[in-house]
Amino acid sequence: MGRFLAGALVVLIIAAIAFFIWSKVNDARQEALQEQIAAMNKQLSQMSDENTRLKAELSKVQSEEQNLAARNDELLKAIASVKATGKLPANIDLELNPPK
């Protein structure tokens, strides 16, 4: 009976040590995952800010593209008028250096 109790105690001690090691490994893994989540949240925030900035820049570029397309149409009409009449229309505003 004494051997049985001694054996059960040894098994219990080994199980306690194994559980302690397992819990420490699990805690370390959870901490690493929390750090990863925090880093990914920070990266997401930065990318969201960059996305907002890029959308604003894209809007500016699209607006400028529309302005340039309208100006191009005016100039094409003026060229057609010059070819047809030989004279530059009076209502055309020649701006040789477009805005940037």
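General observations
- Residue in region 32-40 that is among the polar types (S, T, N, Q), loosely packed, with under 10 Cβ neighbours inside 10 Å and assigned to a helix (DSSP H, G or I) present: no
- Here the condition is being out of contact with any helix residue (DSSP H, G or I) (no Cβ under 7 Å at 6 or more places or on another chain) and at negative phi; of LEU54, LEU88, it holds for LEU54 alone.
- Of ARG29, ARG3, all but one fail to be surrounded by 10 or more Cβ atoms within 10 Å (Cβ to Cβ), in a helix (DSSP H, G or I) and among the basic types (Lys, Arg); the exception is ARG29.
- Selection within region 74-100: residues that are of a type in the set (S, T, N, Q) and part of a loop (DSSP other than H, G, I, E, B). The member of this set that is modelled with the lowest pLDDT is ASN97.
The values are calculated or read from the model by the stated rules, or taken from the named source; none is laboratory data. No experiment lies behind these values; they were computed from the predicted model shown. Cβ: placed from backbone, ideal geometry, glycine included. Neighbour counts: every protein chain shown.
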